[in-house]
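Just below is one structure, and these are the notes that go with it.
The values are calculated or read from the model by the stated rules, or taken from the named source; none is laboratory data. Everything numeric here is computed off the predicted structure, so don't read it as measured data. With ideal geometry, Cβ positions are generated from the backbone for all residues, glycine too; neighbour counts draw on all protein chains shown. Each accessible area value is taken on the protein alone, full model and side chains, heavy atoms only, with ligands, DNA and RNA left out. Shrake-Rupley method; radii C 1.70, N 1.55, O 1.52, S 1.80 Å.
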Amino acid sequence: MIRLAGRVPNKITVACSGGPDSMVAIDFFIKGKKDVRVAHFDHKTEHSSDARSFVEKFCKDRGLELVIGELLSERQKGQSPEEFWRDHRLKWLHSLDGKVATGHHLDDAVEWWIFTSINGNGRLIPYANNNIIRPFLLTKKSIIDRWVARNNIEHVDDPSNLDVKYARNRIRSNLIPEILKINPGIHKVVRKKMETQIKNETLMMEMPVC
């Protein structure tokens with residue numbers, strides 16, 4: 001069962017890569033009678049044109065409004081590709097009007113917490129970042145995958161997600177299976193931390209401005 005981490009407005013933009021997570025987000029919100037707009041960011045990578053074409057056709061076939069951003073600058077020396085793509089994607093999403101929902105889920109939160117912990121400063125993915133919200137942070141990836149299978153959700157798979165030259169992929173493919181052997185409840189641990197953080201974020205957003 002998909003469990004939302006917070007309230008989602010009736011009019012929502014979904015950041016869509018074309019992958020299963022964001023396509024499930026679109027399907028979930030449409031079934032929930034939300035007014036959905038789709039936002040796709042073209043990273044100009046080897047496989048990004050396929051994802052862009054898929055999202056364009058999907059939105060055209062269903063009469064969904066689509067906005068597209070593109071990567072227009074070169075990566076600086078020493079900057080990781082992951083960081084470069086994330087920074088430019090976020091900058092563009094922040095420029096959009098209204099709330100923007102991403103498909104980040106609990107497994108993403110676990111991976112990020114492990115990644116930042118390894119680097120000396122364990123952090124949780126925030127529920128909100130300016131106009132961006134992450135409603136699926138309390139939902140496991142396995143539940144997203146079941147939604148895909150049960151509802152025949154069209155999507156494209158990005159081959160780069162399997163490339164272990166990227167740190168997050170190494171964590172997902174190599175570290176997580178070993179961590180689950182040591183602590184099978186790692187998702188519960190991070191979910192509890194996420195629930196506390198989301199509660200605190202919500203309280204802060206609801207506090208009156210003096």
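Compute the longest continuous run of the chain that contains no exposed GluC sites (Glu not before Pro); treat a site as exposed when its DSSP state is not H, G, I, E or B and it has at most 11 other Cβ atoms within 10 Å. Kindly include the intermediate steps, with their values, before the conclusion.
Working: sites that count: 46, 74.
Answer from the scan: 75-210.
Rounded to the nearest 500, the helix-only mean residue ellipticity at 222 nm of the chain stands at -14500 deg cm²/dmol, with each DSSP H run of n ≥ 4 adding -39,500 (n - 2.57). Pairs of C-alpha atoms in the chain farther apart than 20 Å represent 61 percent of all such pairs. With Rh defined as the Kirkwood radius, the inverse of the mean 1/r over Cα pairs, the Rg/Rh of region 93-180 is 0.99.
The simple spin-label model puts a point 7 Å past each Cα toward its Cβ; for residue 91 and residue 130 those points are separated by 1.0 nm. Pairs over the 30 Å Cα-Cα cut-off, from the set 33/199; 34/199; 34/91; 44/193: 44/193. Modelled spin-label separation between residue 188 and residue 49, with each label point placed 7 Å from Cα along the Cα-to-Cβ direction: 4.9 nm.
For the chain, what does the relative contact order come out to in percent, with C-alpha contacts under 8 Å and a separation of six or more?
On the way: 287 pairs, mean separation 55.0, N = 210.
So the answer I get is 26 percent.
On a per residue basis, the convex hull of the C-alpha atoms belonging to region 11-55 measures out at 58 Å³.
Of all the options 89, 123, 52, the one that moves most in a Gaussian network model of the chain with Cα springs shorter than 10 angstrom is 123. A simple rule links phi to the HN-Hα coupling: the Karplus curve 6.51 cos²θ - 1.76 cosθ + 1.60 with θ = phi - 60°, which for region 136-146 gives 9, 5, 9, 9, 5, 4, 4, 6, 4, 5, 5 Hz, with x for Gly and Pro.
Rounded to the nearest 20, the Cβ-based charge dipole of region 1-131 about its Cα centre (Lys and Arg +1, Asp and Glu -1) stands at 520 debye.
The order of 22, 80, 95 by accessible area, most exposed first and with a 1.4 Å probe, is 95, 80, 22.
When the Gaussian network model of the chain links Cα atoms closer than 10 Å, the mean-square fluctuations of 25, 39, 149 top out at 149. Run the Debye formula on the Cα coordinates of region 26-147, all scatterers equal and no solvent, and tell me log10 I(q)/I(0) at q = 0.14 1/Å. Taking Cα atoms of region 26-147 as identical point scatterers yields -0.75. Under 5 Å from the amide H of residue 39 lie the amide H atoms of 14, 15, 16, 67, each residue being 5 or more positions distant or on a separate chain, with H modelled from the backbone and absent for Pro and chain starts.
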